[in-house]
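K.L.:
My questions all concern the structure below.
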Amino acid sequence: MATLLAVTRAVSPAIVNCQLTHLAREPIDIVQARAQHAEYERVLERLGCSIERLPGGIDIPDSVFVEDIAIVFDELAIITRPGAVSRRAEVPGVSAALSRHRPLVSIAEPGTIDGGDVLVVGRSVFVGRTGRTNDSGIEQMRTALAPHGYAVASRSVRSCLHLKSAITVLDDSTLLVNRRWIVDEEFSSFDLVDVDSAEPAGANIVRVGDRLLYAAAFPRTLERLTDRGYDVTTVDVSEIAKAEGAVTCCSLIFRASSD
Ligand code: CIR
């Protein structure tokens, strides 16, 4: 089996000053946030990942959300130019770490992309147009990926931070979705599993091989998934959720380049 690496980044004490777009600021218990993050890493290890944890930095508020800074493919990694200016300080640390694993291509001004807007299913790459990701960023991604046979398509997103707040992968043909936040016809080639209407933020799930890692906050949607036969492990990420983060945001999972 391929060796999976999961790059994570420690929770910075500055997380209390994180970016917030759709949430009101609530106090974040840093000790609790770190304990939840450590448990998240332990679950990734149990699911078969080797963890490479980067330091969070004492003054980089959103550094734990490493997903937004890169998109890692077998052939290369795209280093983003995050849409929030405060998050651009996260780029050098992630870039240095990934340069040991992949050739890098960086998104340049005026392009912006947050990795949370990029949904990869096989050779199809769907990119949400949001407050964080613009057309120039999407075009640069298309140019970088075309030689490797990936098709990049932009997608609409409303009322949430990122495309992957609204839709993520369950398996090669099935997506977990909150239809209120995307245009479902844009994903008509997939089977769609709806979140429970009481759990609008429940469409974010991490696929690790044939297994899934999910936030404990969405028991109704969890039941739908287990009824369908999915193997789901849950983690409590309630403190991290106060920073508008979800489970995909806290890792970059990819095959070791030697495989
Ligand atoms: C932000 O607003 O950028 C962070 N507070 C949360 C980022 C969450 N990342 C993600 O959904 N991929």
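K.L.:
Any chance region 119-129 includes a residue that's buried (at least 20 other Cβ atoms within 10 Å of the Cβ), among the hydrophobic types (A, V, I, L, M, F, W, C), without any contact (Cβ under 8 Å) to a residue 60 or more places away in the chain and closer than 25 Å to residue 216 by Cβ?
P.N.:
The answer is yes, given that some residue of region 119-129 is buried (at least 20 other Cβ atoms within 10 Å of the Cβ), among the hydrophobic types (A, V, I, L, M, F, W, C), without any contact (Cβ under 8 Å) to a residue 60 or more places away in the chain and closer than 25 Å to residue 216 by Cβ.
K.L.:
Just give me the residues in region 134-184 being over 17 Å from residue 245 (Cβ atoms) and among the hydroxyl-bearing types (Ser, Thr, Tyr), in sequence order.
P.N.:
136, 143, 150, 154, 156, 159, 173, 174
K.L.:
Return the pair list, or none, for Cβ contacts closer than 8 Å from residues in region 87-104 that are under 16 Å from residue 8 (Cβ atoms) to residues that are modelled with pLDDT under 95 and among the aliphatic types (A, V, I, L, M), at least 6 apart or on different chains.
P.N.:
Close Cβ pairs (under 8 Å, with a partner that is modelled with pLDDT under 95 and among the aliphatic types (A, V, I, L, M)) amount to 101/256.
K.L.:
Could you check, for region 59-82, whether at least one of its residues is in contact with a strand residue (DSSP E or B) (Cβ under 6 Å, 6 or more places away or on another chain), farther than 20 Å from residue 2 by Cβ and in a loop (DSSP other than H, G, I, E, B)?
P.N.:
Taking every residue of region 59-82 in turn, at least one turns out to be in contact with a strand residue (DSSP E or B) (Cβ under 6 Å, 6 or more places away or on another chain), farther than 20 Å from residue 2 by Cβ and in a loop (DSSP other than H, G, I, E, B).
K.L.:
Sort through 153, 144 and tell me the only one that's away from the ligand (no atom under 16 Å from the Cβ), at pLDDT 95 or above and part of a strand (DSSP E or B). Outline the logic, then answer.
P.N.:
Working: 144 fails: part of a strand (DSSP E or B).
Sole residue among the options that is away from the ligand (no atom under 16 Å from the Cβ), at pLDDT 95 or above and part of a strand (DSSP E or B): 153.
K.L.:
Go through region 105-136 and report how many residues are away from the ligand (no atom under 16 Å from the Cβ) and either closer than 21 Å to residue 62 by Cβ or in a loop (DSSP other than H, G, I, E, B) (or both). Show your work before the answer.
P.N.:
Residues of region 105-136 that are away from the ligand (no atom under 16 Å from the Cβ), as a first pass: 105-106, 108-111, 121-124, 135-136.
Still in the list and also either closer than 21 Å to residue 62 by Cβ or in a loop (DSSP other than H, G, I, E, B) (or both): 106, 108-111, 122-123.
Here the count works out to 7.
K.L.:
Scanning region 161-204 for residues that are within 14 Å of the ligand (Cβ to nearest atom) and in a loop (DSSP other than H, G, I, E, B), which turns out nearest to residue 222 (Cα to Cα)?
P.N.:
Among residues in region 161-204 that are within 14 Å of the ligand (Cβ to nearest atom) and in a loop (DSSP other than H, G, I, E, B), the one nearest to residue 222 (Cα to Cα) is 202.
K.L.:
Select from region 196-231 the residues that are touching a strand residue (DSSP E or B) at 6+ places or on another chain (Cβ under 7 Å), surrounded by 17 or more Cβ atoms within 10 Å (Cβ to Cβ) and of a type outside the set (D, E, K, R) and list them in ascending order.
P.N.:
Scanning region 196-231 gives 203, 204, 205, 206, 208, 212, 213, 214, 215, 222, 225, 230.
K.L.:
How many residues does region 159-183 contain that are acidic (Asp, Glu) and either touching a strand residue (DSSP E or B) at 6+ places or on another chain (Cβ under 6 Å) or under 18 Å from residue 233 (Cβ atoms) (or both)? So that I can check it myself, show each step before the final result.
P.N.:
First, pick out the residues of region 159-183 that are acidic (Asp, Glu): 171-172.
Retained after the next criterion (residues that are either touching a strand residue (DSSP E or B) at 6+ places or on another chain (Cβ under 6 Å) or under 18 Å from residue 233 (Cβ atoms) (or both)): 171.
Looking only at that region, the number is 1.
The values are calculated or read from the model by the stated rules, or taken from the named source; none is laboratory data. Just so we're clear, the structure is a prediction, and the values are computed from it rather than from any experiment. Glycine gets a Cβ as well: all are built from the backbone with ideal geometry, and neighbour counts include every protein chain shown.
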